[in-house]
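*Asks:* This structure is in structure tokens; I'll ask about it shortly.
Here, each number is a calculation from the coordinates, and none is a lab measurement. From a predicted model like this one, the values you see are computed outputs, not experimental measurements. Note: ideal-geometry Cβ built from the backbone for every residue, glycine included; neighbour counts use all protein chains shown.
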Amino acid sequence: MIQRLLVVSLAVSTNLALCGQSVAPTVRMPGGSLTGMVHDVGGLPLGGVKITADSPTAKALVHTAVTAGDGTFTFSDLESGQYVVNASKAGYADGVALIQITAPAAGRVDLSLKTADAAPAPGAAPDPQAQAAAPAQAAAPAATQEKIAPFSDYDWTWLNGNPRNKDVAFDSKFFTPEIRADVTYTYDFNKPKDDSMGGSSELFRSNEIELEQLGLGGDFHLDNVRARFMSQFGMYSTATIRNDGSYSKGQWDIADADRYMAEAYGGYHWDKMYGINADAGIFMSYVGLFSYYNFDNWAYQPSYVSSNTPWFFEGIRLQFFVTPHLKLEPWIINGWQSYGSANSRKGLGGQIKYTPFPWMNVISNEYALGQDDLYTPGRTRMHTDNSIEIKYYDHPERAIDKMGFTFTGDLGCEYGAGVSCHNDSNGNPKQSFVGYMLYNRMWFHKDLFALTIGGGQINNPGRYLVLIPPINGESASSAAINSPYFTFNPGDQFKAWDLSETFDYMPKQWFTFRVEGDYRHASVPYWSGSGGVTPPPGTNNGFPTQYACMDGTASGSTTLTPGLCANDGGVWFPDLRKDEWLIDADLMVKF
């Protein structure tokens, strides 16, 4: 790609010109933070300019930002010291300035981009900025073949499902570490006596402080070879696995082999188009928009389209970055959120991601061919998941500085082995999934606070994607055999909707404190009530496929018959409710 050669000039309050790659004089800024604006020589703001601040004297951080649509950028939490500030954009020559930061005050730098081929009018006085830029013009080639990294020319830290860190805490040629910690306290107003909650892939225990996830890992990269791993110590290492029944087929205990890895893959990168990657292992799913990592999301408990759909896939992933704003990504995977294959047929899927503007993100995920109902060969699943994210307001200088919304819609079904996508002429009942979710977020006081309101609905006859209530230790594996209290028979109805309100306090880019309230409703008794979901005397009896007796013993029966448990105090039933109110407080860290 032929790029135009332009000269970048930085103007401080004295109209000092710092141009191209020439050595610029040091500007002393009385600040622990740095703000600025990028505009052209006509005064029009320029968005999508990448700004970096690298300090050889302060902490070893490379601070990065991308100018918003109004040309503004901000660096916060800069330690005292000297910084090299670099402005770059595809088709432009870099501009460099030396800035001295003196914490804790704030400083400002405005940048002006000027085309090198803008010749002065005949007889015009020499342009001092152009003269200062002359060494850089002489050194730069008339055209380059440099390519920008995909999705790097705009600021995407506002996206739901995307981490908001603007800087990299530490990096090296070989390894970029990543550390995550997620701790939550949840209070369920149903007050289950066993503290056990159901119907969620994020919240599991009431009235307790729980380690949701401790993630340690990062990215390895050398000579086009790549690898990534991220651990999941805490509740995720148990709760995620119990929702995957595939490990129950056959031997070698796949659940224990993989339970502590949220991501673990290796691959290779080719410098073709704007990049091609091939990875194999466990990688995160994008179905449902929200990230598996709560730090990245606008809400802690997402609506059903996200919470009831995949969090990971195991298999092979290809990534084709066709342009800086378009990615095509096919998958060959074991199945729908599964470590192994529930049946013999693998699943195919993929993602299309398109970011035509700095305020829009469009994602479409598809899945087909997989046979994912354990012990039910011949039943095939297909699913489409589509999201759009819009930032419709962006004024960093105002009290409310950003506003955005996300909308996600899903359609899916299963067919074969006694079910159909529609109630067919053979009497096979409809087994489908229809759902949507909508969230709106407002950021305040330069992204220090944020407020998100949202929710959604699902209709899932056959319940094949409904999360299994943890009744007497029930899991995806045992429910595939029999679920005596909450059934998953073809045609079983399930409809649900929810609302949430989330308040975030984000004093640092590495830290979020969150308080959230949720209301969730189901068309059938589903949520844990005050009586709980654990049989007497308060422990599981090890036979979740059978009815339990009031003395805690297994009844020996998978069907409810007269006189069952007559000598054991009668049949025990879990306390399930149609409604759930909850509030959670969450502390989340990501480096």
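*Asks:* Once the Cβ-Cβ distance between Ile390 and Asp551 is put in as r, and R0 is 56 Å, what FRET efficiency do you end up with, to the nearest 0.05?
*Replies:* In this case the efficiency is close to 0.45.
*Asks:* Ignoring solvent entirely, what values of log10 I(q)/I(0) come out of the Debye formula for the range 333-474 at 0.19 Å⁻¹ when each Cα is a single scatterer?
*Replies:* -1.12
*Asks:* Taking the Cβ of Pro470 as the centre, find all other residues whose Cβ is under 12 Å away and add up their charges (Lys, Arg: +1; Asp, Glu: -1).
*Replies:* -1
*Asks:* Extending each Cα 7 Å along its Cβ direction at Asn162 and Asp568, get the distance between those two points in nm, one decimal.
*Replies:* Taking the two extended label points, one gets 5.5 nm.
*Asks:* Please sort 309-322, 394-407 by packing, taking for each peptide the average over its residues of neighbouring beta carbons within 10 angstrom, highest first. Write out the running numbers ahead of the final one.
*Replies:* Details: 309-322: 21.0, 394-407: 16.6.
Averaged packing, sorted descending, gives the order 309-322, 394-407.
*Asks:* Also, quick follow-up: Hey, could you grab the Kirkwood Rh for the range 211-368? Inverse mean 1/r over distinct alpha carbon pairs, Å, one decimal.
*Replies:* Numbers: mean 1/r = 0.0601 Å⁻¹.
Taking the inverse mean of 1/r over all distinct Cα pairs, the range 211-368 comes out at 16.6 Å.
*Asks:* OK, next. Check the straight Cα-Cα distances from Lys346 and name the lysines below 17 Å, setting aside those fewer than 8 residues away within the same chain.
*Replies:* Lys249
*Asks:* Given the Cα-Cα distance of Ala368 and Val183 and 0.36 nm per residue of separation, how much length would full extension add, in nm?
*Replies:* 63.1 nm
*Asks:* Would you kindly work out the equivalent ellipsoid of the range 156-250 from its C-alpha gyration tensor and give its semi-axes, the square roots of five times the eigenvalues, largest first in whole Å?
*Replies:* 32, 19, 12
*Asks:* Also, I was wondering about something else. Which FRET efficiency value, to the nearest 0.05, do you get for Asp271 and Val84 by plugging their Cβ-Cβ distance into 1/(1 + (r/R0)^6) with R0 = 25 Å?
*Replies:* 0.40
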